[in-house]
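Worksheet: one structure, shown below.
The values are calculated or read from the model by the stated rules, or taken from the named source; none is laboratory data. Since we're looking at a predicted model, the values are computed, not measured. Glycine also receives a Cβ, built like all others from the backbone with ideal geometry; neighbour counts cover every protein chain displayed. Surface accessibility is based on the protein's heavy atoms, side chains included, excluding ligands, DNA and RNA. Shrake-Rupley method; radii C 1.70, N 1.55, O 1.52, S 1.80 Å.
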Amino acid sequence: ACTKFESSTENDIFVGEHDGYARFNDPVIHQREIVRSGSEFEIIDTLRCKQKHSIERCWHFSEHCEVFVSGRVVTAENNGVMIRIVAEDPSTRVVSRTGSESPIGGWVSRRFDVKTPATSVYFVDMINGTSVLRARIYCQIS
């Protein structure tokens with residue numbers, strides 16, 4: 001559910017949350033705040049819980065994107081548009097999958113019964129109790 005939305009020519013702020021993980025023995029509430037300032041986005045994920053959980057934040061790319069991972073920085077390019085996604089938390093582990101069957105990941109399907117390899121990047125964290133994880137997206141158009 002959207003809990004906040006503000007927009008101006010300089011900035012946009014969206015805050016939403018869901019309880020899709022409430023079924024866990026230790027329920028997790030996920031709140032995401034997205035703040036746009038010019039061509040930069042800050043993604044702030046707040047996970048409210050009491051115990052340890054393995055968290056994956058997934059970034060899916062078109063099969064037409066070239067995607068490169070270097071440490072905690074992901075760069076994707078397509079038709080003169082480049083974005084960089086930076087995992088701001090030093091403990092975040094970045095995993096990339098393209099057309100992987102085991103574990104499954106890195107696929108796109110544009111029509112029934114046809115799948116094409118496409119890169120998916122996962123920011124993986126281990127949290128213990130309520131935690132805040134951050135990512136920053138930088139956009140550049142040439």
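Annotations
- Some residue of the stretch 41-61 being part of a loop (DSSP other than H, G, I, E, B), out of contact with any Gly (no Cβ under 6 Å at 6 or more places or on another chain) and closer than 17 Å to Val121 by Cβ: yes
- Unmet criterion (only one of (1) open to solvent by less than 40 Å² (accessible area, probe 1.4 Å); (2) at positive phi) for Cys65: (2)
- Positions within the stretch 101-117 being touching a Phe, Trp or Tyr at 6+ places or on another chain (Cβ under 8 Å) and open to solvent by less than 60 Å² (accessible area, probe 1.4 Å), in sequence order: Gly105, Thr116
- Scoring Val15 on the criteria (1) among the hydrophobic types (A, V, I, L, M, F, W, C); (2) part of a loop (DSSP other than H, G, I, E, B); (3) touching a Ser or Thr at 6+ places or on another chain (Cβ under 8 Å) leaves a single failure, condition (2).
- Among the conditions (1) under 25 Å from Val108 (Cα atoms); (2) surrounded by fewer than 17 Cβ atoms within 10 Å (Cβ to Cβ); (3) in contact with a strand residue (DSSP E or B) (Cβ under 6 Å, 6 or more places away or on another chain), Gly80 misses just one, which is (3).
- Taking the listed residues Thr9, Thr75, the one that is among the β-branched types (Val, Ile, Thr) and more than 17 Å from Ile137 (Cα to Cα) is Thr9, with no other qualifying.
- Any hit, the stretch 15-28, residues being more than 13 Å from the chain's Cα centre (by Cα), touching a residue at least 40 places away in the same chain (Cβ under 8 Å) and open to solvent by 60 Å² or more (accessible area, probe 1.4 Å): no
- Residue pairs meeting the criteria (Cβ under 6 Å; at least 6 apart or on separate chains; first closer than 22 Å to Arg136 by Cβ, in the stretch 44-56; second open to solvent by less than 90 Å² (accessible area, probe 1.4 Å) and among the acidic types (Asp, Glu)): Ile44/Glu33; Ile55/Asp125
- For the stretch 41-58, the criterion of being of a type in the set (Asp, Glu), closer than 26 Å to Ile104 by Cβ and open to solvent by 60 Å² or more (accessible area, probe 1.4 Å) is met by at least one residue.
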